[in-house]
Amino acid sequence: MEEVTDVKVPFTRSNAKKCICWQCTVQADSACVSKNAEKMGEVMSSNFFEPEIVPGLYCSSGVASCKDIETSRPCICYECPIFLDYNLAECQLIEHYCKNGKAK
C-alpha cells in the first residue's frame, strides 16, 4: 500500500460539523477550549471562522491554540468521520493532531 504524504483536510464549516475533537478527553478539562466552545454556534454561522477559535479540526489547522489541553490522554481520532473520509490512517501522523500538527 502506498503511503499518503500530502493529505489536505480543508478547514471548512462542513468538516467542522463532522469533527469530534471537542468530545476528546484531551480537551475535557481545558478552560480555553470550553470558552471557545461557547462561541461555536456564533462562529459556525458568521464570517469569522478561524482555527484559533474552533476547538477542533486539528488534522486540518494544526496544533491547538489552547495550551491547557492534556495530550497525555488518549485521543479519539480513529473514531472521527474526517479521519475516515480522508483516510488519515495512511498518513505519517495518525493521532494527537492538537499537539503534533495537521495531517501529513
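The values are calculated or read from the model by the stated rules, or taken from the named source; none is laboratory data. Predicted, not measured: the structure shown is a model, and the values here were computed from it. Positions of Cβ are generated from backbone atoms using ideal geometry, with glycine treated the same way; all protein chains shown enter the neighbour counts.
Scanning segment 44-65 for residues that are more than 12 Å from the chain's Cα centre (by Cα) and in a loop (DSSP other than H, G, I, E, B), which turns out surrounded by the fewest Cβ atoms within 10 Å (Cβ to Cβ)?
This residue is 47.
Quick check: is even one residue across segment 28-42 touching an Asp or Glu at 6+ places or on another chain (Cβ under 9 Å), in a helix (DSSP H, G or I), within 18 Å of residue 104 (Cβ to Cβ) and modelled with pLDDT of 90 or more?
We begin by selecting, within segment 28-42, every residue touching an Asp or Glu at 6+ places or on another chain (Cβ under 9 Å); these are 28-33, 36.
With in a helix (DSSP H, G or I) added as a condition, the list becomes 31-33, 36.
Those still in the list that are within 18 Å of residue 104 (Cβ to Cβ) too: none.
Checked segment 28-42: no residue is touching an Asp or Glu at 6+ places or on another chain (Cβ under 9 Å), in a helix (DSSP H, G or I), within 18 Å of residue 104 (Cβ to Cβ) and modelled with pLDDT of 90 or more.
Can you find a residue that is part of a helix (DSSP H, G or I), modelled with pLDDT under 80 and farther than 14 Å from residue 23 by Cα anywhere in segment 66-84?
Residues of segment 66-84 that are part of a helix (DSSP H, G or I), as a first pass: 77-79, 81-84.
Now restrict to residues that are modelled with pLDDT under 80: none.
No: segment 66-84 contains no residue that is part of a helix (DSSP H, G or I), modelled with pLDDT under 80 and farther than 14 Å from residue 23 by Cα.
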